[in-house]
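First the structure, then my questions, so here it is.
Nothing in this text is a laboratory measurement; each read-out follows from the coordinates by a stated rule. On a predicted model such as this, the values are computed, not experimentally measured, just so you know. Please note: Cβ atoms are built from the backbone with ideal geometry, for glycine as well, and neighbour counts cover all protein chains shown.
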Amino acid sequence: MQATICQTAANPSLFSAESFVGLIFLVTIGLIFAGALIATTSKRLVRCIAGLALCFTGVAGVYYFLLSPFIAMMQMLIYVGAVSILIAFAIMMATPEEDDIPGNQITRFAGPLGFALASLIFAALSLLGLKTEWQVFPKTGAGDMQAMGTALLTTHSMVFELISFVLLMAIIGALVLARRGRN
Amino acid sequence: MYLLNLYNCLGTYLVLGAMLFAFGIYGLVSRRTIIGMLIASELILAGASMNFMAFNRFTAPDPTIGQMFTLFIMAIAAAEAAIAVSIVISVYRNYKSIDAEDIVDLHG
């Protein structure tokens, strides 16, 4: 039974270019793990957002390994450059003084409960991904930036228009929400 | 070395996506502040995008579709983050707190 799909089955020798690429991939995975760990467990929100930026940098590296440098670039621009900075601004504007009030009966159990739930979901999803026999279809397109541009303006043009409308609504809504209550 | 050939296997990316999703769920449950929950939800979205991109490289016939999905997820995430941040600022202005347990005015 073929459990997982590997594109090259051959083992590269230790001192070849392929094994160096594999080493970089391991470093990228380490970045994602460390970043996600800091982002979810750190006490201070500023450290959380630094961990989130680290994690997203690692995810951009993995997108490069998934043969789409364009999406990796967009990940760096949108997530690391825009979303993280936006949340950092929110932390600067809306974080009260540090106060370690012990939570009530429900919030004290939130940590272990969340850990149990997350590990259950992780185990289930990993088993599902590793044990299923995925069906591989032959490639019909190149999937490069030219194909993406063509698809964006022909096949997916309706979604493209809708997403610009959603972004416009988000801008107007954010302005209205943040301005209310100010003199 | 099997470890150094991991980047050519579909399973690696699926486990990575599941890991990001699980971290997001953990943060979403255990965090008390709204901003912490927002950070965790960004991790969940990253896990979903990772799965789309993995299947896009290994199994999908047309490799544009998965990249398109990821691009649209990014756009939605940006819009969601902008709205959530303005809600956080508006809540902080009214309650002087970002703890999710303080915003219970409809509780009766």
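Take each uninterrupted DSSP H stretch in chain A, measure its Cα extent along the helix axis, and return the ones at 24 Å or beyond whose mean Kyte-Doolittle hydropathy is at least 1.0.
Values: long enough: A:17-41 (36 Å, 1.98); A:45-65 (30 Å, 1.69); A:110-131 (31 Å, 1.70); A:157-179 (33 Å, 2.17).
Membrane-span-like by this rule: A:17-41, A:45-65, A:110-131, A:157-179.
Given axes a ≥ b ≥ c from the Cα gyration tensor, I'd like to know whether chain B is rounded (a/c under 1.5), prolate (a/b larger than b/c) or oblate.
prolate
Here's another thing I want to ask about it. Quick check on chain A: helices-only [θ] at 222 nm, where DSSP H runs of length 4 and up contribute -39,500 (n - 2.57) each and the sum goes over total residues. Nearest 500, please.
Working: 8 runs with 122 residues, N = 183.
Theoretical 222 nm ellipticity from helices: -22000 deg cm²/dmol.
Same structure again: What order do you get for A:Ser164, B:Ser30 when you list them from fewest to most C-beta neighbours inside 10 Å?
Ranking A:Ser164, B:Ser30 by Cβ neighbours within 10 Å, fewest first, gives A:Ser164, B:Ser30.
With +1 on the Cβ of every Lys and Arg and -1 on the Cβ of every Asp and Glu, and nothing else charged, how large is the dipole of chain B about its Cα centre, in debye rounded to the nearest 20?
Here chain B has a charge dipole of around 180 debye.
Can you sort A:Leu14, B:Leu20, A:Leu167, A:Leu177 by how many other beta carbons sit within 10 Å, fewest first? Write down the numbers at each step before the final one.
Numbers: A:Leu14 11, B:Leu20 29, A:Leu167 15, A:Leu177 19.
With the fewest neighbours first, A:Leu14, B:Leu20, A:Leu167, A:Leu177 line up as A:Leu14, A:Leu167, A:Leu177, B:Leu20.
So what are the stretch A:17-96's ellipsoid semi-axes, whole angstrom, largest first, if each one is the square root of 5 times an eigenvalue of the alpha-carbon gyration tensor?
27, 15, 6
In chain A, with Lys and Arg counted as +1 and Asp and Glu as -1 at Cβ, which of these residues, A:Leu77, A:Leu152, A:Ser42, has the Cα nearest the positive end of the dipole, that is, farthest along it?
Checked the options; the winner is A:Ser42.
Follow-up question, since we're still on this one. Per the Cauchy relation, a quarter of the hull surface: what is the mean projected area of the convex hull of the alpha carbons in chain A, in nm²?
That works out to 16.8 nm².
Determine the dipole magnitude for the protein assembly as shown: charges of +1 sit on the beta-carbon of Lys and Arg, -1 on that of Asp and Glu, nothing else is charged, the reference point is the Cα centre, and the result goes in debye to the nearest 20.
Details: 14 positive and 15 negative charges, 44 e Å.
In total the dipole reaches around 220 debye.
Work out the charge dipole of chain B with +1 on the Cβ of Lys and Arg and -1 on the Cβ of Asp and Glu about the Cα centre, then indicate which of B:Leu3, B:Gly66, B:Ser86 is farthest towards its positive end.
Of the options given, the answer is B:Leu3.
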